[in-house]
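J.: Pasting in a structure now, in structure tokens, and then I'll have a few things to ask.
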Amino acid sequence: MTDQSLLDAVFLEETMREFLHASDLSMTLPYNASTVSAVSPSFESPVGNALEDRTAAASRLTKHEHRRAKDRTRRRVYLERRKRERGVLRHQVVELSAKLQTLEETKDDAELPTSIWMAIAQRQMNAVQAAKAQQCQLRAAISARTAIIEELSGLVRNRLHDVVPMEEANEELYRRKRVRVNASDTMIFEGYLQELDAVYAQTDAAFQECATNSATRQIGSFQATRKTDGVTEYFQLYDTQLLSFDYMQTCRSAWTSVVRFRCEEDREFYKEVEDPANTMAMKFRIAGDQTVPPLLQRSVARRYQETDRTVFVWRALTEGEGVFAGLHADETGWCVIRPCTAFSETGTILETCIRQVPMHLEGAAGLEAVSMRFADVVLSSGTEDAVETVSKLERVLLDEALENIEC
């Protein structure tokens with residue numbers, strides 16, 4: 001009976017341990033002496049004590065495993081919750097990035113039209129301000145012109161009531177219009193005077209080019225040619241005159257004629273020149289007519305005397321007036337006087353080369369018809385002046401020859 005009770009207790013213990021281990025429960029079945037006593041109330045032995053110890057140890061082990069199982073469960077639940085949170089956050093990152101990109105694209109698209117409209121508005125504002133400034137200038141010009149018109153009207157009315165001899169009126173008009181040398185003229189004169197030596201050094205090259213281009217031209221007639229030197233366009237006048245007068249006499253009279261007869265009624269000399277016996281500078285007005293306005297010219301010239309020839313060089317600036325205001329022409333000229341050796345009789349060759357370069361200030365160059373007309377007038381004036389100078393020189397030489405004969 002005792003052996004059977006012991007076997008029953010061992011079987012019961014193993015069964016409970018396997019059940020608790022399989023279900024991972026936290027509850028334990030402690031050893032109860034009444035249970036054993038129920039089997040065998042009189043059972044008390046070393047085997048029973050050992051069973052109690054093993055049951056207590058199994059109970060403690062079961063509690064520890066249960067805690068570990070609960071810890072594993074909590075960790076698993078925590079990790080799963082963190083995993084779900086990370087997934088949600090990643091999804092939110094993707095959504096927010098897409099929204100941010102959409103907002104940035106929308107912002108760029110909105111800023112572009114705004115900048116364009118701002119540029120257009122700024123341009124229109126600048127145009128309005130420019131128009132207002134121009135309007136103010138026009139009003140000021142109108143006011144000035146109105147004042148001038150009123151002043152002239154009053155002057156005319158006063159003149160109608162005054163008895164003024166025509167000679168006095170002409171003298172007053174002449175006095176008001178007479179040319180004067182001012183500071184700007186001085187700058188032009190000084191600049192041209194510094195260039196004369198360089199122009200003189202180009203004498204042979206200039207006449208060599210003229211002779212090459214005018215091999216078939218008749219002597220005694222000026223020839224005008226339109227030429228281009230790279231970018232610069234200019235007009236070239238060339239002529240050769242044969243004078244039947246002595247070379248030395250012609251040289252003396254030529255320089256005197258240039259200084260004496262050139263626009264003697266309306267001119268002003270610039271006196272601050274070195275070597276005034278061979279250098280001259282003056283400002284003069286070339287008279288116009290009813291169809292052609294006058295021209296204002298500043299000119300400098302110098303005489304170079306060599307062994308077998310005399311060279312005149314000059315630089316001039318022609319300025320338009322009236323409808324030609326703002327139009328200019330730059331002129332460079334050479335005149336070589338040398339004795340004629342082709343004939344047995346006494347004679348002198350007078351060779352002239354003139355280059356005129358039209359120049360236009362801003363605003364005047366846009367009037368093409370006026371510019372072409374100005375170029376024609378300057379070219380015609382230069383030709384007439386050269387012909388007239390030679391004609392006056394011949395008259396002076398003839399008068400001197402007649403005086404020598406009478407003496």
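The values are calculated or read from the model by the stated rules, or taken from the named source; none is laboratory data. Here the structure is a predicted model, which means the values were calculated and not measured. Here the Cβ is made from the backbone with ideal geometry for all residues, glycine too, and neighbour counts use every protein chain on show.
J.: Which condition number in (1) touching a helix residue (DSSP H, G or I) at 6+ places or on another chain (Cβ under 7 Å); (2) at pLDDT 90 or above is the one that Leu327 fails?
T.: (2)
J.: If Glu167 meets every condition in (1) surrounded by 10 or more Cβ atoms within 10 Å (Cβ to Cβ); (2) at pLDDT below 75 apart from one, which number is that one?
T.: For Glu167, the exception is condition (1).
J.: Can you report the number of residues in region 191-215 which are under 15 Å from Ala316 (Cβ atoms) and surrounded by 15 or more Cβ atoms within 10 Å (Cβ to Cβ)?
T.: 4
Condition check ((1) outside any helix (DSSP H, G or I); (2) in the same structural domain as Ala211 (by TED's automatic domain parsing); (3) modelled with pLDDT of 90 or more; (4) on the phi < 0 side of the Ramachandran plot) across all residues:
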{"site": "Met280", "(1), (2), (3), (4)": "yes, yes, yes, yes"}
{"site": "Thr291", "(1), (2), (3), (4)": "yes, yes, no, yes"}
{"site": "Arg303", "(1), (2), (3), (4)": "yes, yes, yes, yes"}
{"site": "Val311", "(1), (2), (3), (4)": "yes, yes, yes, yes"}
{"site": "Ala316", "(1), (2), (3), (4)": "yes, yes, yes, yes"}
{"site": "Val323", "(1), (2), (3), (4)": "no, yes, no, yes"}
{"site": "Thr341", "(1), (2), (3), (4)": "yes, yes, no, yes"}
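J.: What pairs come out if I take residues in region 364-381 that are in the same structural domain as Gln236 (by TED's automatic domain parsing) and under 18 Å from Gly333 (Cα atoms) and pair them with residues that are assigned to a loop (DSSP other than H, G, I, E, B) and modelled with pLDDT of 85 or more whose C-beta lies under 9 Å away, six or more apart or interchain?
T.: none
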